[in-house]
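Visitor: Okay, handing you the structure first.
The values are calculated or read from the model by the stated rules, or taken from the named source; none is laboratory data. What you see is a predicted model; the values in this text were computed from it and never measured. FYI the Cβ positions are ideal-geometry reconstructions off the backbone, even for glycines, and counts take in every protein chain you see.
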Amino acid sequence: MKMRFPGIDAIAFSTSKYFLDLKTLAEHRNVNYAKYYLGIGQTRMAIFPPNEDIVTIGIDAAQKAIASIENKDDIDVLIFATESSFDLSKSAGIYIHNFLGLKEDCRVFDLKQACYSAAAALQLAKSYVMENSRSKVLIVGSDIVRYSIGSSGEPTQGGAAVAFIVSQNPRILEIEPYCGIHTVDIMDFWRPAHLNEALFDGKLSAYSYLKSVDVCIGRYLKNSNLKTIDVDHACFHAPFGKIARKANDQSLKCRSIEETLVYNSIIGNSCSASLFICFISILDHLKDNLVGKRIGFFSYGSGSVAEFFSGIVSEGYLQMLHTDTNQTMLSNRIEISFSEYELLGADNFHDFKRYQNVGEVTLAGISNHRRYYRARKV
Ligand code: HMG
């Protein structure tokens, strides 16, 4: 009998109800919008109102993912992967655990390493379910990316959450046991605890990302004894579409790169969620049947840790997709004006009632440094 590997059993994502068209940003920054649309490869970016945060979108994504499993009591670990924490002590995952109604004997903790954290969580979860065959691990990767006004990073803001369940008999993707890793100490992107916006050296970060692609894929091929041609499709972390295309051009040259970028090009950078949204995007958009195909994944988290790993698409994955839900969520988004964008970017703007949420849970207020979430009537 063919050996099966653990991997992704269910997956879903969520993002803000609001977006800014990058043509609008270009107009106000005196830039030809072709630089954003073609040069960077992004057309829209998700913008977050005060009542929506990494927890509320994380709950929305997780509710959709756990709807696909029979018994949520099988989940005994919840890992919340983020670099957008608002609390240095309490795990944001605990709010999610509460709203999902998960059992009390469930480990919950946050994991951080820039955009790499959800990929790290997947590798940890894989070992966990190999040792605990009945267990399932829920991973939620949720990030909101903000750069300073007028900076080169501004058109690459965005945000989203992905939730996936790791099990021993995955119905979507088996993760193979080889990978290539590259860790170096570099100041390309960081966010000191007292700042809401990330600091970065844009050119250095792009250079470091592309260098890591070569190192990681080289190590992956050596460790696996595979050739580039053995990787049928590949998802590259997508802070903006152009860099994922460059990464693919310089390495694997997979023809399906465009299908991986459909969602990210209208959401913007979602850090920990970005790579897995590339995966959902190819599942939702590629016309070919993917059963048995090998998909490569390149994760890059500034600072930096990068990893290339691969998975084989499971039989029956088509039954596990939420394509209509994903497309409806994105087509129901509301475009905001430039003045609204400026208002929502102001740190002291806290009108919790004025805007809609994408899902059932809203951040109703913050008082005495406590965040109050509640389920809305929908
Ligand atoms: P920039 O310096 O303003 O842009 O921003 P540029 O001048 O390099 O131009 C970009 C491209 O647009 C160029 O094409 C231009 O030729 C083209 P390329 O040479 O790259 O092929 N262009 C045009 N094309 C068509 N029509 C036009 C036009 N004008 C110019 N009219 C930069 C680029 C990367 C610096 C910026 O986006 C940035 O600072 N981004 C933020 C940092 C970032 O996203 N880095 C990515 C790697 S690091 C990473 O992925 C980690 C991260 O996700 C965080 C984490 O790990 O937590 C960020």
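Visitor: Could you identify the single residue in Leu210, Leu204, Leu195 that is more than 9 Å from the ligand (Cβ to nearest atom) and over 19 Å from Gly311 (Cα atoms)?
Guide: Result of the check over Leu210, Leu204, Leu195: Leu195.
Visitor: Can you find, within region 1-58, the residue that is nearest to the ligand (Cβ to nearest atom) among those that are in contact with a Pro (Cβ under 8 Å, 6 or more places away or on another chain), outside any helix (DSSP H, G or I) and among the aromatic types (Phe, Trp, Tyr)?
Guide: Tyr18
Visitor: Which residue out of Asn348, Asn332, Asn289 is modelled with pLDDT under 95 and surrounded by fewer than 16 Cβ atoms within 10 Å (Cβ to Cβ)?
Guide: It is Asn348.
Visitor: Here's another thing I want to ask about it. I'd like to check something: does region 135-144 contain any residue that is away from the ligand (no atom under 16 Å from the Cβ), more than 30 Å from Tyr37 (Cα to Cα), in contact (Cβ under 8 Å) with a residue 60 or more places away in the chain and among the small types (Gly, Ala, Ser)? Reasoning before the result, please.
Guide: As a first pass, look at region 135-144 and keep what is away from the ligand (no atom under 16 Å from the Cβ): 135-140.
Within this subset, residues satisfying the condition of being more than 30 Å from Tyr37 (Cα to Cα) are 135-139.
From what is left, the residues that are in contact (Cβ under 8 Å) with a residue 60 or more places away in the chain are 135-139.
Cutting the leftovers down to among the small types (Gly, Ala, Ser) gives us 135.
Within region 135-144, one or more residues are away from the ligand (no atom under 16 Å from the Cβ), more than 30 Å from Tyr37 (Cα to Cα), in contact (Cβ under 8 Å) with a residue 60 or more places away in the chain and among the small types (Gly, Ala, Ser).
Visitor: If Ala160 satisfies every condition in (1) crowded, with 23+ Cβ neighbours inside 10 Å; (2) within 21 Å of Ser304 (Cα to Cα); (3) among the aliphatic types (A, V, I, L, M) but one, which is the exception?
Guide: (2)
Visitor: Tell me yes or no: at least one residue of region 216-235 is among the aliphatic types (A, V, I, L, M) and closer than 23 Å to Asp143 by Cβ.
Guide: Checked region 216-235: at least one residue is among the aliphatic types (A, V, I, L, M) and closer than 23 Å to Asp143 by Cβ.
Visitor: Please give the number of the condition His322 fails out of (1) in contact with a Cys (Cβ under 9 Å, 6 or more places away or on another chain); (2) over 27 Å from Gly39 (Cβ atoms); (3) not β-branched (Val, Ile, Thr).
Guide: All conditions are met except number (1).
Visitor: Sticking with this one: Which of (1) more than 10 Å from the ligand (Cβ to nearest atom); (2) not in a strand (DSSP E or B) is the odd one out, the single condition Glu174 does not satisfy?
Guide: Condition not satisfied by Glu174: (2).
Visitor: When only residues in region 243-261 that are buried (at least 19 other Cβ atoms within 10 Å of the Cβ) and of a type outside the set (Gly, Ala, Ser) count, which is nearest to the ligand (Cβ to nearest atom)? Reasoning before the result, please.
Guide: At the first step, the residues of region 243-261 found to be buried (at least 19 other Cβ atoms within 10 Å of the Cβ) are 243-244, 247-248, 251-252, 254, 256-257, 259-261.
Retained after the next criterion (residues that are of a type outside the set (Gly, Ala, Ser)): 243, 248, 252, 254, 257, 259-261.
Numbers: Ile243: 5, Asn248: 13, Leu252: 18, Cys254: 19, Ile257: 15, Glu259: 20, Thr260: 15, Leu261: 14 Å.
Top of the filtered list is Ile243.
Visitor: Further question on the same structure: Considering every residue within region 201-211, establish whether at least one is touching a His at 6+ places or on another chain (Cβ under 9 Å), in a helix (DSSP H, G or I) and surrounded by fewer than 18 Cβ atoms within 10 Å (Cβ to Cβ).
Guide: Yes.
Visitor: Within the bounds of region 233-240, is there any residue that is more than 14 Å from the ligand (Cβ to nearest atom) and part of a loop (DSSP other than H, G, I, E, B)?
Guide: No, there is no match, as no residue in region 233-240 is more than 14 Å from the ligand (Cβ to nearest atom) and part of a loop (DSSP other than H, G, I, E, B).
Visitor: Output the number of the condition that Ile229 fails; it satisfies all remaining conditions of (1) surrounded by fewer than 19 Cβ atoms within 10 Å (Cβ to Cβ); (2) out of contact with any helix residue (DSSP H, G or I) (no Cβ under 6 Å at 6 or more places or on another chain); (3) not in a helix (DSSP H, G or I).
Guide: (3)
Visitor: Under 8 Å between Cβ atoms, at least 6 apart or on separate chains: pull out the pairs that start in region 196-218 with a residue that is of a type in the set (A, V, I, L, M) and end on any residue that is in a helix (DSSP H, G or I) and more than 6 Å from the ligand (Cβ to nearest atom).
Guide: Leu210/Lys246; Leu210/Ala247; Leu210/Gln250; Val213/Ala247; Val213/Gln250; Ile217/Thr228
Visitor: Name the residues in region 242-263 that are under 14 Å from the mean Cα position of the chain (by Cα), touching a residue at least 40 places away in the same chain (Cβ under 8 Å) and assigned to a helix (DSSP H, G or I), would you?
Guide: Residue satisfying the conditions is Leu261 alone.
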